[in-house]
Amino acid sequence: MILRFFPRWLLVLVAFPVLLLPVCAADVPSQIDQFIVERAKQAGQPLSPLASDAEFLRRVFLDFAGRIPTVAEARAFLADSSPKRREQLIDRLIDGPEYGSAMATAMHIALMERLGDHPLWTKYLTTSFAENRPWNQIVREILWQPPDDEKTAGAAFFLAKRLEKIGQNPVDYSGLTRDVGRLFLGKNLGCAECHDHLFIDDYKQAHFQGLHAFFKNSYLVNLNPPQVGEKPTTQKSTFASVFTKIEMMTGPALPGGIMLDVPNFKPGDEYLVPPNPKSKSPGVLKFSPLKAASEQIPMPTNRDFVRNSVNRFWFLLMGRGLVHPLDLSHSRNPASHPELLEFLADQFIEHHFDVKWLMKTLARTDAYQRSSLLPSGVDDAPEKLFTTALERRLSPEQLAASVAIALGEQPSPALTAKFIKAFANQPREPEEEINPSLSGSLFILHDSAILSLLQPKPGNLIDRLQKLADTAKVAEELYLALLSRTPSPEEIATVAEVLLQRSATDRPQVLANLVWSLLASMEFRVNH
Amino acid sequence: MRRNPLCQPADHRLSRRQWLGTTAGGLAAGGLAGIATPAVAEQLRRKNKQVLFVWIDGGMSQLESWDPKPNTIFGGPFRAIPTSIPGVHLSETLPQCAKIMDKLTLVRSVSTQDNSHSAGVARIQRGDPKNRGVVYPFFGSAVAKWLGAGDSGLPPYIWVKPGSGGFIDKDAGFLGPKYGALALGDGKPPENLIRPASLSETDDRERNRLRKLADTRYSSQRRSANTKANSFAFEMAEQLQKRMELFDETKVSDKDRDRYGRHEFGRHMLMARRLLEAGVTFVKVTSYGWDTHGDHFNAVANLHPKFDQSFAAIIQDLADRGMLHSTLVIALSEFGRTPRINGHLGRDHWPEAWSIVMAGCGLKAGVVIGKTNETGTDVATEPYDIGHLFHTWFHALGIDTAEHEYRNGGQPLPLAHEDMHPIREALA
């Protein structure tokens, strides 16, 4: 209100230090590294050297383009000797055309946990990340969409899918409450539904019930795209611990937050715009706990939300949360680097939840760019110290795209669907860890989709390899195509030896064996 | 007390990477047999005990099967017939089972807690222990843990079911995913198990040799746990491929097909026999569609003969092969069905008084334990809950529930409900 009386130019002047901030941001990566290095020193754990250009190249492509680089992209980067080449590549990919889709896929997997998919949800996420809409805005829109807003309609899928009835079971509001707590607040309150958590003192039944009160009156509106409706909330919820049986009441409240008053409207007077049964329009409520959730959860002052956000983005690029498991943030499970977590949270707020800024910043750190090779003389490195890069699970989507790129084929939705079937976890099971499975191995071993990619076709990898007479050239093309690096002398020798063993007529099959062996190898199957 | 279906504290959740990392090495060295706590498992495994667990998804009406009450108010239209044990009668829907009653152990005094489907399956199959804030393993996972995989080269817990297959690790609860079930959808091998003809054995061997070489090079200077786990998954695939004959339909005689029935359940029970013959420790067979809230008696006339035919056939086959004395057979559902016949000529869910049938390993044959009252509405003798049955089954397999316990991290947990005990009359 007071600001109204200031002249505009003065406002600009006052705001100037804020505008300077992005310039100082160059420092943020090294500040992050200081926290990591300090903690490693305390623990007496040596740091791995920075990754080679090839290891770095593969990593950033997988993270920000959702696939490995092509042979041409790999050759170009490996030939680049500019000292700024890594930063330039990070910026090029994050500002590039594949970033939106790569981030959307990663976030879709994290948020939907294979419960289902919808084209408008994919479109919503892809556009949001490509346009770099602030993360708090994305979360707000996921939790509540203005009526008849085309731009955010797809975001409703997060709640709508969870409001579906499965068979004869009632809508799983408890599961929905748990998921909101886990995914947006970093707290799995599932065990505090019927009583205070038995092992985690910080998680109270009142927290679960307060969060539950935001969502308990929502329902699925079966339109396309599916929408979320809400019945009026007219009174507080009652609950009792199964142990004490003492009846308690709560209105909608975030864990540790202020409880909302439940206003007392006369029946029939709850709506600004009443529901229309004909058009199935759910109407607009005067008091909407869902809308309140969408405002309160992604607020900069909601520390649980901000911490959880930076922790999950950190996990995405580093393979492990600072708070780990991601959904068990509580005082007895502190972050591995508590000051770093707070620093990142502050920075994210200061940068208005700018996801691209956060991605670029994290990707510039040594912590991100370190090798997955252990420092010499060390057998193991504790994961939580981030002194050696962690191997990260490739999503089925990343794997499918990478297989297609490596073998010189166009990635296709049909191929991706096959990979999801073979490699995805069961619904509701987070895909956070590397999980080699029987179905995945059998798929790589025998599926016709894989084997047909290993047949020579004009322009594909086998075809290209067949046309190369020189064994060293074959090895180089092979390793660049699959592993985005040049082969070691030892590896060249193996290729030569294998090619020599069999007659020329067997050459396509021998090449297929070589290609397959790298495709099935761990080096290809993880982001390292 | 209301149960909390969400209670799966991640504090107790075993990290996949942890178990794969710490156990894959041992498994790789010892094959699939390396599963279980060393000393106990070694001792138990030598006994080569096996389990066939027939899961009737929904509720099988006790009144039309194991505990008929003809000519009573709730008795329904079916008659009771004599069995191979004088004085014991079964419903006329189970004529083949009546002939082998001398091999069966029947409990007619089962009384359990829950009458809803959503909770019923897991509650019964986990043995409904006291709530410790952890998710207990299904019986199949528990047996996989205590008895191991034996020398079959096959996973210890295989589930033959209609629909799709895959590795179902949620059955394992706190034991961790490796004790999950390998599900054979429609009894078929896992997808992609068969090496296509276009790929010769020589080439397959060659490419896998090169894969292993690549992995060795890759992991030589890196953390090795993930690479080991990946190798384990390939090894499991290789082991299963060696047992392809199990999935070769031409190895099954027409006579057996007819004896078991050519319907889905019959085919799956025949598959179960072949898996047991191959040495699989625990085989579960599921039959879906047992929820006859309406038109119950016509449904029974359709469902029960199929069960009767294949269940009697497998008991007979196990006996003929000398396997029954070391194979524990259990057939049960989520609950029984209401004595009262509802307005849709259906029977609803009735956990209060129902029957479970067992046979084989460590059990008394040809006995009936407990009884219900005249109209079948309640148990008239000591009621047995699923916890009593879990104790009984563990004892039948030679696992003393008083002596052994789980260790979940540091937390000691009983094998079965600690307020319950084995059904002594059932144990030989």
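The values are calculated or read from the model by the stated rules, or taken from the named source; none is laboratory data. As the structure is a prediction and not an experimental result, all values here were calculated from the model. Using ideal geometry, Cβ is built from the backbone for each residue, glycine included, and neighbour counts are taken over all protein chains shown.
Observations
- Scanning the stretch B:189-226 for residues that are of a type in the set (A, V, I, L, M, F, W, C) and either at the interface with another protein chain (Cβ under 8 Å from one of its Cβ atoms) or without any contact (Cβ under 8 Å) to a residue 60 or more places away in the chain (or both) yields B:Leu193, B:Ile194, B:Ala197, B:Leu199, B:Leu210, B:Leu213, B:Ala214.
- In the stretch A:191-215, of all residues being in a helix (DSSP H, G or I), in contact with a Gly (Cβ under 8 Å, 6 or more places away or on another chain) and not aliphatic (A, V, I, L, M), the one that is farthest from the other protein chains (Cβ to nearest Cβ) corresponds to A:Gly210.
- Yes/no for A:Ala493 being over 29 Å from A:Ser395 (Cβ atoms), within 13 Å of chain B (Cβ to nearest Cβ) and among the small types (Gly, Ala, Ser): yes
- Within the stretch A:252-270, considering residues that are surrounded by 15 or more Cβ atoms within 10 Å (Cβ to Cβ) and in contact with a Lys or Arg (Cβ under 8 Å, 6 or more places away or on another chain), the one modelled with the lowest pLDDT: A:Phe265
- Among the residues examined, B:Arg259 does not qualify as under 22 Å from B:Pro156 (Cα atoms) and surrounded by fewer than 24 Cβ atoms within 10 Å (Cβ to Cβ).
- Residue ID - surrounded by the most Cβ atoms within 10 Å (Cβ to Cβ), chosen from residues in the stretch A:423-442 that are more than 8 Å from every other protein chain (Cβ to nearest Cβ) and not acidic (Asp, Glu): A:Phe423
- Unique match (being of a type outside the set (Val, Ile, Thr) and under 30 Å from A:Arg178 (Cα atoms)) among A:Leu50, A:Leu78, A:Leu57, A:Leu111: A:Leu111
- Any hit, the stretch B:93-108, residues being at pLDDT 95 or above, among the polar types (S, T, N, Q) and surrounded by fewer than 19 Cβ atoms within 10 Å (Cβ to Cβ): yes
- Candidates B:Lys178, B:Lys130, filtered to the one that is crowded, with 21+ Cβ neighbours inside 10 Å, more than 8 Å from chain A (Cβ to nearest Cβ) and at negative phi: B:Lys178
- Selection of the stretch B:276-294 for residues being touching a His at 6+ places or on another chain (Cβ under 7 Å) and surrounded by fewer than 18 Cβ atoms within 10 Å (Cβ to Cβ) yields B:His293, B:Gly294.
- With respect to the conditions (1) part of a loop (DSSP other than H, G, I, E, B); (2) surrounded by 18 or more Cβ atoms within 10 Å (Cβ to Cβ); (3) among the hydrophobic types (A, V, I, L, M, F, W, C), A:Leu220 falls short on a single one, namely (1).
- Of all the listed residues (A:Leu480, A:Leu453, A:Leu445), the sole one being closer than 25 Å to A:Ala74 by Cα and either in contact with a Leu (Cβ under 7 Å, 6 or more places away or on another chain) or facing chain B (nearest Cβ under 9 Å) (or both) is A:Leu453.
- Answer from B:Arg243, B:Arg273 - the residue that is in contact (Cβ under 8 Å) with a residue 60 or more places away in the chain and surrounded by 17 or more Cβ atoms within 10 Å (Cβ to Cβ): B:Arg243
- For the stretch A:481-517, a residue qualifies if it is within 27 Å of the chain's Cα centre (by Cα) and either crowded, with 20+ Cβ neighbours inside 10 Å or among the acidic types (Asp, Glu) (or both), and the qualifying residues are A:Ala481, A:Leu482, A:Leu483, A:Ser484.
- At least 2 residues being in contact with a Ser or Thr (Cβ under 7 Å, 6 or more places away or on another chain) and assigned by TED's automatic domain parsing to the domain that holds A:Asn435 is the threshold, and among the helices (runs of 4 or more DSSP H) wholly inside the stretch A:355-408 those reaching it are A:396-407.
- Any chance A:Lys467 is out of contact with any helix residue (DSSP H, G or I) (no Cβ under 7 Å at 6 or more places or on another chain), more than 17 Å from B:Pro196 (Cβ to Cβ) and within 9 Å of another protein chain (Cβ to nearest Cβ): no
- Here B:Gly336 does not qualify as in contact with a Leu (Cβ under 7 Å, 6 or more places away or on another chain), at pLDDT 95 or above and surrounded by 22 or more Cβ atoms within 10 Å (Cβ to Cβ).
- Residue count for the stretch A:295-310, restricted to those that are touching a Lys or Arg at 6+ places or on another chain (Cβ under 9 Å) and over 23 Å from A:Pro146 (Cβ atoms): 2.
- Meets criteria (small (Gly, Ala, Ser), more than 8 Å from every other protein chain (Cβ to nearest Cβ) and surrounded by 22 or more Cβ atoms within 10 Å (Cβ to Cβ)) for B:Ala229: no
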